[in-house]
Amino acid sequence: MLEIERNEWISGDPLPWDIQADWQKLTLRESARQISLSLDLKTVPLELKSELWRKGKRVSLNNRGIFLDDRPVMCGIEELALVGLTVDLDTSKWSMKPASHNPYGLIVSWSDRKERLRKARDEWRKIKAANEKADQRA
């Protein structure tokens, strides 16, 4: 649906019903009053809301985490910071792996959201520095 890489965003669906974008906010609508993705970067931590459907199953993203509504069970990743990781969610399985441009990734768990974000940022800086060192050696 959407990919953001190096501060540039790309809509995955070539024909969304509506795209609204300004300096710190992005909204993608599937149809009138049907918001598929809302991203607000004016706050720290950022606000993300999304409702996606795959094979009749709902995937919700919000400030708490990522959730798969697979009736009668709902499962998800909640209150964690994923640093340098991608999440591959198929309706039959979950997997996490380091992002393609990055050989490292980790999960930060901390009860306070702002502190978790600060710790995740610090870990991201360490990963970035390690990648730059590895590039210089190559």
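Nothing in this text is a laboratory measurement; each read-out follows from the coordinates by a stated rule. Please read these numbers as outputs of a predicted model, since none were measured by experiment. Reconstructed Cβ throughout: ideal geometry from the backbone, glycine too, with neighbour counts over all protein chains shown.
Each of W53, W124, W23, W110 was scored by other Cβ atoms within 10 Å of its Cβ. Listed from fewest to most, they are W23, W53, W110, W124.
With K and R counted +1 and D and E -1, the other residues having a Cβ less than 11 Å from that of E47 yield a net charge of +2.
Segment L46..A21, full-extension length gain: 7.5 nm, with 0.36 nm per residue of separation and the alpha-carbon distance subtracted.
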